[in-house]
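Visitor: Following this message is one structure expressed as structure tokens.
The values are calculated or read from the model by the stated rules, or taken from the named source; none is laboratory data. Quantities reported herein were computed from a predicted structural model and do not represent experimental measurements. FYI the Cβ positions are ideal-geometry reconstructions off the backbone, even for glycines, and counts take in every protein chain you see.
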Amino acid sequence: MKTKERPLRVALCGLGEIGRLHLQAIRNSPVAELVAVCELDRALADESVDDSVEIHSDIPVMLAGNGIDVIDICLPHHLHRPVAVDSLEAGCDVILEKPMATDLDGCDAIALAARSAGRRVGISHNQVFFGPHRRLAGLLEAGELGRVRSLYERLWMGGKYGGWREDSTKVGGGLLMDAGVHRVYMALTLGGPVREVTATMDNPRSEDSFSIALGFESGATGVIQGSYHGPDGMFDDRIEIQASEGMAEVLGCEAFFEGDLTGDTQLRARIGGRWLDDPVSDAWDESVRRSVGAILGSFAAGEDPEVGMEEGRNTVAVIEAAYRSAEDGRTVALEDLIERAPSGKRAE
Ligand SMILES: NC(=O)c1ccc[n+]([C@@H]2O[C@H](COP(=O)([O-])OP(=O)(O)OC[C@H]3O[C@@H](n4cnc5c(N)ncnc54)[C@H](O)[C@@H]3O)[C@@H](O)[C@H]2O)c1
């Protein structure tokens, strides 16, 4: 593996809920060095970093400075596209929190900027790196569970996030485009490409609840349900898979973050008549740090990240298909929305 002789010089935009974990991941990375942060809340920036790190409140000003290799974007969704495009045009590789952008146009603008500049983009779909999810994906890949036939995912929450997350123009939608993004990329990771989507929602593009039926290219079917309507403080997410040789269930990833569930066995899988005897546990925040660390590692090695623009765009495409379906009551084929060619990847 080729690595750079010096650490990657990384700048982090946004030190809010998730930015704080990215900060830890950058500090933990053997291939990266934090050189700057950009944060509107000066007190938050001051308490987060020491004097060796430049503090900015204006992203273009920070980008105009010399020597930044990587920009890590932990900002509200509507800022993902403009900040990513500006950063790529400034010659940086980019890490983006989910979702890649608020719409497909945004994803395409980022991919175009990356191609033009010859830079890379990694999307932090952190739950791909959650231990039980990783183990389940590994079992499927190895064929131990056989073929996926049915997938069910849910996200039941009570009480909404405040701030910008209440503003659908900044989120790019409602619950589906916010926390629901994790359910969508996990469906694609475990079930493979989606052929068609049929959805119902209370208020598409500002939805508090949604139910999405997925038809996978493999012939498998899936359902993703999400709702904000639980009692205050509720957070329960899970994934269930029925496959030709067994079944598996992951009892929450973020639910553990909220402390709603206890116990240390998050993956339960039955293969034929036997239970998997090495159940695996993990913590949500670890998955975030691992995801960011993996992207930094691939940038340092001069490789495309495991989760990049193609995965980011495909996730937004399923969400867009769900919105269109909920708006006009028809089933939406992914054919016209999915980018199949690896054109979003960096041309060598
Ligand atoms: N992976 C996960 O589980 C997870 C969890 C939470 C949030 N997220 C994602 O992380 C991103 C950020 O969400 P959050 O919850 O951390 O938000 P947040 O509101 O907690 O933090 C955002 C920070 O960005 C700062 N900011 C806003 N505009 C800025 C600008 N122009 N320049 C500099 N700083 C600016 C704000 O002051 C704030 O501190 C979103 O994409 C969100 O979907 C992911």
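Visitor: If only one of C92, C74, C107 is out of contact with any Leu (no Cβ under 9 Å at 6 or more places or on another chain) and in the same structural domain as I295 (by TED's automatic domain parsing), which one is it?
Guide: Result: C107 is the single residue among C92, C74, C107 that is out of contact with any Leu (no Cβ under 9 Å at 6 or more places or on another chain) and in the same structural domain as I295 (by TED's automatic domain parsing).
Visitor: Run down G329, G302 and say which single residue is on the phi > 0 side of the Ramachandran plot and assigned by TED's automatic domain parsing to the domain that holds I26.
Guide: That would be G302, the only listed residue that is on the phi > 0 side of the Ramachandran plot and assigned by TED's automatic domain parsing to the domain that holds I26.
Visitor: Something else: In the stretch 47-78, which residue that is aliphatic (A, V, I, L, M), farther than 18 Å from L296 by Cβ and not in a loop (DSSP other than H, G, I, E, B) is farthest from the ligand (Cβ to nearest atom)?
Guide: The residue in question is A64.
Visitor: Could you check the stretch 139-151 and list, in sequence order, the residues that are more than 15 Å from I239 (Cα to Cα) and part of a helix (DSSP H, G or I)?
Guide: Once the filter is applied, which keeps residues that are more than 15 Å from I239 (Cα to Cα) and part of a helix (DSSP H, G or I), the stretch 139-151 yields only E141.
Visitor: If you don't mind, there's one more thing I want to ask. Is one or more of the residues making up the stretch 152-160 without any contact (Cβ under 8 Å) to a residue 60 or more places away in the chain and not in a helix (DSSP H, G or I)?
Guide: No, there is no match, as no residue in the stretch 152-160 is without any contact (Cβ under 8 Å) to a residue 60 or more places away in the chain and not in a helix (DSSP H, G or I).
Visitor: Another question about this same structure. For residues that are touching a strand residue (DSSP E or B) at 6+ places or on another chain (Cβ under 8 Å) and surrounded by 15 or more Cβ atoms within 10 Å (Cβ to Cβ), tally how many sit in the stretch 44-89.
Guide: So the answer is 24.
Visitor: Hey, among the residues in the stretch 150-173 that are closer than 29 Å to S244 by Cβ, surrounded by 17 or more Cβ atoms within 10 Å (Cβ to Cβ) and of a type outside the set (A, V, I, L, M, F, W, C), which one's modelled with the highest pLDDT?
Guide: Out of the qualifying residues, it is E153.
Visitor: Please tell me if G118 is over 24 Å from L214 (Cβ atoms), under 14 Å from the mean Cα position of the chain (by Cα) and in the same structural domain as H78 (by TED's automatic domain parsing).
Guide: Taking the combined requirement at face value, the residue does not satisfy it.
Visitor: For the stretch 9-46: of the residues being without any contact (Cβ under 8 Å) to a residue 40 or more places away in the chain, of a type in the set (A, V, I, L, M, F, W, C) and part of a strand (DSSP E or B), which is nearest to the ligand (Cβ to nearest atom)?
Guide: Among those residues, the one meeting the criterion is C38.
Visitor: Tally the residues that are closer than 20 Å to R81 by Cβ, under 19 Å from the mean Cα position of the chain (by Cα) and charged (D, E, K, R), restricting the search to the stretch 155-204.
Guide: Of the residues in that region, 3 qualify.
Visitor: From the list A109, A84, A114, pick out the single residue that is in a helix (DSSP H, G or I), within 13 Å of D304 (Cα to Cα) and in contact with a helix residue (DSSP H, G or I) (Cβ under 9 Å, 6 or more places away or on another chain).
Guide: A114 is the lone residue from the list that is in a helix (DSSP H, G or I), within 13 Å of D304 (Cα to Cα) and in contact with a helix residue (DSSP H, G or I) (Cβ under 9 Å, 6 or more places away or on another chain).
Visitor: I would also like to ask the following. Restricting attention to the stretch 126-142, and to residues there that are away from the ligand (no atom under 16 Å from the Cβ) and of a type in the set (A, V, I, L, M), which single residue is surrounded by the most Cβ atoms within 10 Å (Cβ to Cβ)?
Guide: For the stretch 126-142, the residue satisfying everything is L136.
Visitor: Then there is this: Considering only helices (runs of 4 or more DSSP H) fully contained in the stretch 240-348, which possess at least 2 residues that are touching a strand residue (DSSP E or B) at 6+ places or on another chain (Cβ under 6 Å) and modelled with pLDDT under 95?
Guide: Here the list reads 254-258.
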